[in-house]
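Notes follow once the structure below has been shown.
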Amino acid sequence: MAVQGRHQRLGHLEAHLAAHATTGEREHDRGPRRFTDLARGLNDITPTRLTSRLRQLEGAGVLTRESPEGGREVWYQLTDAGRDLAPVVDALTLWGIEHALEPPVADEPAHAEPVMLGTKVWLNRYAPSPAEGRTWVWRFPGEDLYTLRSTDGTWKLSRGGDESQAVTVVATRQDWARFLTSPRGRRQLPTTAISLEGSRAELKRFAKAFGAKLAAT
């Protein structure tokens with residue numbers, strides 16, 4: 001079962017919205033999302049189905065819908081109950097990683113937020129305890145940046161970059177998902193599809209966190 005997609009049995013949209021709860025750990029990330037933002041991040045769902053699922057989640061008290069006066073855009077924001085889903089989704093993600101892990105199949109979409117949610121959960125479960133403030137940034141071509149930062153011994157995920165990053169990962173969402181679902185005993189970084197930016201010492205720490213061997217320069 002892939003880090004995104006098939007392991008998200010609660011549905012792509014619910015996973016996307018719950019991932020929003022976990023990527024809102026910086027205050028400026030807590031704002032609402034436009035319908036078009038959600039549709040762009042879930043390009044394998046039709047607008048009609050997206051609207052239906054959003055209405056279901058609204059009815060369940062997971063999110064609220066706002067139509068700004070004079071504007072055509074519709075905005076959605078997680079409620080407190082929706083944000084409280086974050087640890088539930090973390091637990092489901094960890095279950096998928098431990099019991100139903102499969103790489104993405106050909107042409108399977110890999111959405112950035114579920115992939116990064118899986119990355120955060122994987123690190124918090126398997127990686128050595130990180131030094132306080134250690135910061136890694138992922139750059140997916142054509143996408144927002146994503147940052148993982150260690151705080152109080154736990155990796156926290158947020159959208160956007162961070163100038164204090166020790167390592168920057170450059171890869172497509174699909175290639176990073178394939179790496180994360182690969183057997184730990186055979187992992188190596190960087191690869192032809194995944195490039196890393198940072199000092200040799202920091203890259204060594206990064207590779208070790210993911211159970212990978214750092215390739216010789």
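Observations
- Residue pairs whose Cβ atoms lie under 7 Å apart, separated by 6 or more positions or on different chains, with the first residue in the stretch 146-159 and under 12 Å from Ala131 (Cβ atoms) and surrounded by fewer than 21 Cβ atoms within 10 Å (Cβ to Cβ) and the second at pLDDT 95 or above and among the basic types (Lys, Arg), are Ser150/Arg134.
- Residues located in the stretch 199-217, provided they are loosely packed, with under 15 Cβ neighbours inside 10 Å and touching a residue at least 60 places away in the same chain (Cβ under 8 Å): Lys208
- Listed by first and then second residue, the pairs with beta-carbon distance under 8 Å, at least 6 apart or on different chains, first residue in the stretch 54-67 and part of a strand (DSSP E or B), second of a type in the set (Asp, Glu), are Thr64/Glu58; Arg65/Glu58.
- Any hit, the stretch 160-170, residues being over 22 Å from Pro87 (Cα atoms) and either touching a Pro at 6+ places or on another chain (Cβ under 7 Å) or without any contact (Cβ under 8 Å) to a residue 24 or more places away in the chain (or both): yes
- Remark: pairs (first residue in the stretch 33-52, in a loop (DSSP other than H, G, I, E, B); second residue modelled with pLDDT of 80 or more and surrounded by 13 or more Cβ atoms within 10 Å (Cβ to Cβ); Cβ separation under 9 Å; 6+ apart in sequence or on different chains) = Leu42/Leu50; Ile45/Arg53.
- Filter result (polar (S, T, N, Q) and touching a helix residue (DSSP H, G or I) at 6+ places or on another chain (Cβ under 8 Å)) within the stretch 189-217: Thr191, Thr217
- Candidates are the residues of the stretch 143-191 that are at pLDDT below 95 and hydroxyl-bearing (Ser, Thr, Tyr); the one that is farthest from the chain's Cα centre (by Cα) is Ser164.
- Search result, residues across the stretch 165-217 that are among the acidic types (Asp, Glu) and more than 15 Å from Met116 (Cβ to Cβ): Glu197, Glu202
Conditions (1) of a type outside the set (Gly, Ala, Ser); (2) farther than 21 Å from Val89 by Cα; (3) touching a residue at least 24 places away in the same chain (Cβ under 8 Å); (4) buried (at least 18 other Cβ atoms within 10 Å of the Cβ), marked per residue:
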residue: Val105; (1), (2), (3), (4): yes, yes, yes, no
residue: Met116; (1), (2), (3), (4): yes, no, yes, yes
residue: Lys120; (1), (2), (3), (4): yes, no, yes, yes
residue: Arg125; (1), (2), (3), (4): yes, no, yes, no
residue: Ser129; (1), (2), (3), (4): no, yes, yes, no
residue: Val137; (1), (2), (3), (4): yes, yes, yes, yes
residue: Asp144; (1), (2), (3), (4): yes, yes, yes, no
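The values are calculated or read from the model by the stated rules, or taken from the named source; none is laboratory data. For clarity, every value in this text was computed on a predicted model and none was experimentally measured. No Cβ is skipped: glycine too gets one built from the backbone with ideal geometry, and neighbour counts run over all protein chains shown.
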